[in-house]
Each structure stands twice: as C-alpha cells, then as structure tokens.
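Notes follow once the structure below has been shown.
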Amino acid sequence: MIWSDFIRTLIFISLTGCGIIANILILMRHVYTLIMGIEKKPITLILSHLAFSNIVMIYSTGITQVSAVFYLGNFLGDVGCKIVIFLGRMARGLSICTTCLLSMVQAVTINPRMTLWRKLKPQTAGQVLSYLLLFWIFNSLISSNLLHYITAVSKMNRSGVGMYDVYCYMLPSRQVVKWSFISLMTLRDVVFQSLMGWSSASMAVHLYKHHKLVSYLHTSKSINNSSPEIRATLSTLILMTCFLFFFWVDFIFSFYTGYTVTQDSTTFMIKNILDPGYAVLSPFVLITRDVHIAKYWCAH
C-alpha cells in the first residue's frame, strides 16, 4: 500500500470509528432514559432511531473498505454483498425520514401556530413507533431491488462500470425496473427534504422573532442562557444544515463521477467518506446539545 492510500484509509477508519462510538453513546443514553422511565418523550425515541440508523449506515459503508485495506478478500460473498448494500441504502433512507420527522416535531413543538401539523405530531412513544414502522416498510420496498441485482465482484465484472462497492457489483437491470426504483428514491428525497427545509425555515423564523422579543426584555447575558427548548431547536437546525450539505455534495459528486465514468481508488474513498458524513457528524451535535442542557439544569 502506497502512503497516499494509507493516509486516506487512516482518515476513513478514524472518522467511521469515531462516528460509530459517538452514535452508540447517543443510542445508549436515550435507550437508558426510555427503559428507566426518566424521559419517555417522542423525541427521545426519534433520536434513538436516528442513532441506530447512523450506526447501520456507517457499518455498511466501512465493512468492505476495511476488508480491502487489510487484504481480507471478499469474505462477504453474494449473500453478504446483498445484505450489506441493502442495509446501507435502507439506513440512508431511514436517516432521511427520521431526520425529517425530528425536524417536523421540533418545529411544531416550538411554534403553536402550526395547528394543522400539530394534529399529526406524535404524542406518545407508541405513535412514534407507528411512524418508524412505516419508514422501515417504505425504505425496504425502495431498496428491495438490491437483493436481486447486487452480487459479489468476479473476474467477469471487474471492469468498473456497474461497480457498487469495492467487492460488490450491480447487475444490469431492465430500464423499467431501474427507473421505477430511481423514481421512488427521488420522490422520497424530494418530499422529505422539502418538509425538512420548510420546517427548518419555520424554526429559523420563530427563533429570530424570539431573539428580537427577548432582546427587549433581557440583557445580552440572559440571551446566551437560553432554555433547553431553544438549545434543542438550534441543534435541530444544525442537524438539518449538515444533512442537506452532505446530501447535495454527495449528489453532485455522484452525478459527476457517473457522467465521467470515473471509478478509481480515490473516487471510491471520497464517495465512502461523503456517504456516512452526516451519520458521523450528527451524534456530536446531539452530544453538544446534551451537555448544554445539563449545564442549564445545573445552573437552575
């Protein structure tokens, strides 16, 4: 392995390793609060599901890369390739849907004027589970074609065109099948990102109005000591920004590589860093929020 490949690999493993550990901490923290009955708010279950989806996404992206780096060979086989790629795409879809749900719930929580959406807001953990179940069914159907068309790389299909991952290859499919699944994924992304953008804009406007109101009533020192609700809203806005950034950068990069048919090792490395980028960064935003909230309650 040349030094450039080693450095890229070290960066990739460090990022994914930190991402998995951080998401596990977030998952354990919220699962603990649910089991102990400390906090059974719907948003707690949503954050737990988001952390779980991030773990699956990072793991599915990293498993083939790690095996390639350490020359373990394609130990996955056809069945392993199908499962890993299927779970990776499904986890990506679950992350989109869950992040959108988090954004909508937070927007409705802080803005009492959203009466129409307030009726759809989950009030209990059981209602959240129904939403999450629908997300699982929907994204499983969208990703189901991978269980048929993904196979392990062989000498016959090592040309690069159609490569899905280091050791996995996507078989050609009929145009009607290909475009049907692409249309469903596009529809999902457009709908959920539109809702995400609208709710984020609503929260930003509400926070701006809140800031102007508070500035007349308190000193600048009091403004910095904002409530946990405001902190949660700010962290949600940061999550939305991170998600949209990584999504569109990955989309533009994928479009470019697809147009130029560029499939070298550097391209794979950049693509595999962009794919789990949001999943790696989002738990640190949530950890920061938890620290600020803990400091707020300690101060009061």
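Observations
- Selection status of residue 19, among the small types (Gly, Ala, Ser) and modelled with pLDDT of 85 or more: yes
- For the range 6-32, a residue qualifies if it is of a type in the set (Phe, Trp, Tyr) and either loosely packed, with under 15 Cβ neighbours inside 10 Å or within 14 Å of the chain's Cα centre (by Cα) (or both), and the qualifying residues are 6, 32.
- Hits in the range 166-204 (condition: over 19 Å from residue 143 (Cβ atoms), assigned to a helix (DSSP H, G or I) and among the hydrophobic types (A, V, I, L, M, F, W, C)): 195, 196, 198, 201, 203, 204
- Contacts under 7 angstrom Cβ, first residue in the range 177-193 being closer than 12 Å to residue 145 by Cβ, partner at pLDDT below 90 and not acidic (Asp, Glu), 6 or more apart: 177/145; 181/145
- Residues (of a type in the set (Ser, Thr, Tyr), surrounded by fewer than 14 Cβ atoms within 10 Å (Cβ to Cβ) and at pLDDT 80 or above) located in the range 121-143: 130
- Residues of the range 109-126 that are touching a residue at least 40 places away in the same chain (Cβ under 8 Å) and assigned to a helix (DSSP H, G or I): 109, 110, 125.
- Residue in the range 145-153 that is closer than 24 Å to residue 277 by Cα and part of a helix (DSSP H, G or I) present: yes
- Some residue of the range 150-160 being within 18 Å of residue 92 (Cβ to Cβ), modelled with pLDDT of 85 or more and among the aliphatic types (A, V, I, L, M): no
- The one condition in (1) hydroxyl-bearing (Ser, Thr, Tyr); (2) under 23 Å from residue 61 (Cα atoms); (3) surrounded by fewer than 18 Cβ atoms within 10 Å (Cβ to Cβ); (4) at pLDDT 80 or above that residue 278 fails to fulfil: (3)
- If you go through the range 42-83 and pick out every residue that is outside any helix (DSSP H, G or I) and at pLDDT 75 or above, you end up with 0.
The values are calculated or read from the model by the stated rules, or taken from the named source; none is laboratory data. Since the model is a prediction, treat every value here as computed from it, not as a measurement. So basically every Cβ, Gly included, is an ideal-geometry build from the backbone, and we count neighbours across all protein chains shown.
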